[in-house]
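S.K.: Structure below; questions to follow.
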Amino acid sequence: MPFHTTTISCRTTRPIDIVDITQEVRSTLENSGLRQGTVTVLSRHTTACININEREPRLVQDMITFLKRLVPRDGDYLHNLEPIDGRDNAHSHLLGLFMNSTESIPFTEGLMLLGEWQSIFLVELDGPRENRQVFVQIQGE
């Protein structure tokens, strides 16, 4: 079964940012020439996740507000006592416990089988970051 792989680079601009990468994934699928199979989207980071949800500006803002309330940045976290990379980002790792690093989407006739309102998001939990890497692997025929 043929495979096609690529990496999508994303820049995030806010501490918690939701970036729609649907079009980039769709273009990667189109360029693969494959007609049916599965697209797997993987965040290569522990503090940035992949999610499928609705892209509506007020809902996206609600999602960001919800995540900030769920695990506050200013909590008393042991990880922040000696941060590995100088970032007080324990809250980001804790938020990641509730999210996926991958999503798999079937496709047929060269089109992802996403619902009408579904988009693919990179969810930044520790931004802003200049270069987030999203790995896309397409397998099919």
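The values are calculated or read from the model by the stated rules, or taken from the named source; none is laboratory data. Since the structure is predicted, the reported quantities are computational estimates derived from the model, not experimental observations. Neighbour counts are summed over all protein chains in view; Cβ atoms, including those assigned to glycine, are modelled from backbone coordinates with ideal geometry.
S.K.: What about I52, is it closer than 17 Å to E24 by Cβ, surrounded by 15 or more Cβ atoms within 10 Å (Cβ to Cβ), touching a helix residue (DSSP H, G or I) at 6+ places or on another chain (Cβ under 8 Å) and of a type outside the set (S, T, N, Q)?
M.R.: Criteria not met by I52.
To keep it simple, each residue is scored yes or no on (1) surrounded by 11 or more Cβ atoms within 10 Å (Cβ to Cβ); (2) hydrophobic (A, V, I, L, M, F, W, C); (3) in a strand (DSSP E or B); (4) in contact (Cβ under 8 Å) with a residue 24 or more places away in the chain.
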residue	(1), (2), (3), (4)
I8	yes, yes, yes, yes
R14	yes, no, no, yes
T46	yes, no, no, yes
Q61	yes, no, no, no
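S.K.: Another question, if that's okay. Identify all residues within the stretch 63-82 that are in a helix (DSSP H, G or I) and either out of contact with any helix residue (DSSP H, G or I) (no Cβ under 8 Å at 6 or more places or on another chain) or in contact (Cβ under 8 Å) with a residue 24 or more places away in the chain (or both); write none if there are none.
M.R.: M63, I64, T65, F66, L67, K68, R69, L70, L81
S.K.: Scan the stretch 80-97 for residues that are within 22 Å of S43 (Cα to Cα) and either at pLDDT below 95 or exposed (fewer than 11 other Cβ atoms within 10 Å of the Cβ) (or both) and report the count.
M.R.: Here the count works out to 7.
S.K.: Could you list, in sequence order, the residues of the stretch 111-141 that are more than 22 Å from E30 (Cβ to Cβ), among the acidic types (D, E) and not in a strand (DSSP E or B)?
M.R.: D126, E130
S.K.: Next up: Would you be able to say whether some residue in the stretch 118-140 is surrounded by 11 or more Cβ atoms within 10 Å (Cβ to Cβ) and without any contact (Cβ under 8 Å) to a residue 24 or more places away in the chain?
M.R.: No, that holds for no residue.
S.K.: Is there any pair with a first residue in the stretch 83-107 that is closer than 14 Å to D126 by Cα and a second that is surrounded by 15 or more Cβ atoms within 10 Å (Cβ to Cβ) and among the aromatic types (F, W, Y) whose Cβ atoms are under 7 Å apart and which are 6 or more apart or on different chains, and what are they?
M.R.: Within 7 Å, the pairs are A90/Y77; H91/Y77.
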